[in-house]
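Please read the structure below before turning to the comments.
Nothing in this text is a laboratory measurement; each read-out follows from the coordinates by a stated rule. Being a predicted model, the structure only gives us computed values, none of them experimental. Neighbour counts run over all protein chains shown; Cβ positions are idealised from the backbone, glycine included.
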Amino acid sequence: MSLTPKLTGRTNQLYPKKPGTTDGVSILIVDDSPVRLQTIAFVLQDMGYKQIQMAANGLEAIERIEQGPTVHIIFTDLQMPECDGLELIEHLGQRQYDGSIIIHSQMEKRIVDLTIELARRQSLYLVGYLDQNLEPTVIQSMVDRALLAARNYNASDLASLSKEMILRAIENKNIVPYFQPKIDNKTECVVGFEVLCRLVHPISKEIITPDRFIDAAERAGLMMLLTLALLEKAALEFNLLCEEFPDLPLTLSINLSPGQLDDDKLPSTFNDLCQIFQLPPTRITLEITETDLIEKDTRLKNLARLRMMGFGCSLDDYGMGFTSLAQLEHYPFSEVKLDRSYINNIASDPYAQQLCDKLVDKCTANHMQMVAEGLERADDVEYLSRYHNIHLQGYLYSPPKPYTDIRRWLHNWEAHRSINP
Ligand code: G
Ligand code: G
Ligand code: MN
């Protein structure tokens, strides 16, 4: 039997395209000529790329990159006013940019070659050069290559971590809590934080988001260990925030995987942990997503036990699962979070407005806190101002941030509030 794998047509392709490659790809085009900006943007849009940003010079580009979200590919001109392509590349080198760069320029070949060499010396992935020829096929192959090269794209390519990597991160204390604030819509007081788990990769040291390790940790039965590692750090940092801001009624929300609710020991384990970490249960809310089967008896029993111990229990991502408004009052939740797919653009979405109205009524009648999550736009906040006592969460206020950053954020927020009470 031959050990040589059979060569198929696919393996001969230089840049095999992954299905759905255009999804989630973020591209920044930098050029001082509006015509060229638009031309390249049109070609990319035709190919199916949706997240395209434009900048008129290097300075604007740097701003975009620093503000996030992650840019996977940068198309840049060389000759521009204010901050040219060379300066931009130097800056990208300094911040160890790990996406890909493509130059488009009419400069003479030797200048372009020198730029490519300079980028290489700074360990930047400069993967291509376009002259006047903006043929879609040319751009396509360059983009394919850029995506294969971009370390920041491959990193978010949903490659799950192995059980061993997750265990190693837990053992090395490389589980990091990120905090996202929740705000009362009437008083604008910060009422608490949701903890979102991040993992520092044991080898590459990059910060990994939950989409690459929660499912794997669930399959490997590591969720309780992970929650414990997260809570250990989060409790310490949360207590520091409480000490520093004693006048704020801060609470801490932690996500649980529904499977964790199957364990009869969960309530007492959590109670013990809170004693050890000096967290009063009344300051802790446990979030469980609505998409999963919460109506199982053991899960409902454990939810009820947690409530009896003083913990808050929150139904997360409401509207994505099958819980009806009528069912809600039979479950022991103290909070419901309306999913961000309804909240985003609610100001002009009658369907979402209707659901939100009914949910707020239901919550008021049953003493449940209603939370609007995923707020990104001021007009949606304005729309929600018709309700009393709902809590707001979203990038508009702050993305999830590590302790030192969220502490600074909270200082700024409070300073601003005392000026405009
Ligand atoms: O932060 P964000 O991208 O980052 O989180 C993505 C998803 O991962 C969210 O649905 C969130 O509920 C989930 N998640 C984040 N941290 C945890 C955690 O500690 N435990 C569980 N079970 N889910 C988490
Ligand atoms: O499923 P859960 O609600 O726990 O998930 C929280 C997730 O939502 C995290 O991934 C967090 O990063 C993300 N998130 C928080 N605020 C916003 C927002 O304003 N917009 C979007 N798109 N995601 C958000
Ligand atoms: Mn949540």
Once Rh for the stretch 191-242 is found with the Kirkwood sum over Cα pairs, what is the Stokes-Einstein diffusion coefficient at 20 °C and 1.002 mPa s, in µm²/s? 175 µm²/s
What FRET efficiency do you get for residue 419 and residue 347 if R0 is 35 Å and r is their Cβ-Cβ distance, rounded to the nearest 0.05? 0.85
Given the peptides 83-92, 243-252, 299-308, arrange them by the average over their residues of other C-beta atoms within 10 Å, most packed first. 83-92, 299-308, 243-252
Among beta bridges assigned by DSSP with both residues in the chain, the antiparallel ones amount in percent, to the nearest 5, to 25 percent
How long is the stretch 79-149 along each principal axis, judged by its Cα atoms, biggest number first, in Å? 32, 27, 21
Taking the Cβ of each residue in 316, 113 as the centre, tally the other Cβ atoms inside 10 Å and list the residues starting with the fewest. 113, 316
R0 of 45 Å, Cβ-Cβ distance residue 87-residue 269: FRET efficiency to nearest 0.05: 0.25
Under-5 Å amide H pairs with residue 176, H placed in peptide plane, nonlocal only: 198, 199, 200
Need one number: nm distance between label points at residue 111 and residue 209, each 7 Å from Cα along Cα→Cβ, rounded to one decimal. 3.8 nm
Could you state the orientation-averaged shadow area of the convex hull built on the Cα atoms of the stretch 290-346, in nm² to one decimal? 4.0 nm²
At q = 0.17, 0.23 Å⁻¹, what log₁₀ I(q)/I(0) does the stretch 110-174 have when each alpha carbon counts as one equal point scatterer in the Debye sum? -0.77, -1.03
Backbone HN-Hα couplings from phi across the stretch 165-182 [Karplus 6.51/-1.76/1.60, Hz, Gly and Pro as x]: 5, 5, 4, 4, 4, 5, 4, 7, 6, 9, 9, 10, x, 10, 10, 10, x, 10
Based only on the alpha carbon positions, what is the Kirkwood hydrodynamic radius of the chain, in angstrom? 24.3 Å
Expected vector for the stretch 199-210, Karplus 3J(HN,Hα) from phi with 6.51, -1.76, 1.60 and θ = phi - 60°, integer Hz, x for Gly and Pro, equals 10, 8, 4, x, 9, 7, 6, 6, 7, 9, 8, x
Please state, to two decimals, what the Cα-based radius of gyration of the stretch 166-287 comes to when divided by 2.2 N^0.38 Å (N = residues). 1.09
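Cβ neighbours within 10 Å, averaged per peptide: list 57-70, 220-233 in order, most packed at the top.
Answer by packing, highest mean first, reads 220-233, 57-70.
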Members of 265/401; 50/173; 205/233; 186/301; 186/358; 163/265 lying beyond 26 Å, as alpha-carbon distances in this model show: 265/401; 50/173; 186/301
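Can you pull the Kirkwood radius for the stretch 300-421, inverse mean 1/r over Cα pairs, to one decimal in Å?
Numbers: mean 1/r = 0.0634 Å⁻¹.
Radius from the Kirkwood sum: 15.8 Å.
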Using label points projected 7 Å from each Cα along Cα→Cβ, tell me how many nm separate residue 225 and residue 309, to one decimal. 2.2 nm
Quick one: compute a quarter of the convex hull surface over the Cα atoms of the stretch 36-136 and quote it in nm². 6.0 nm²
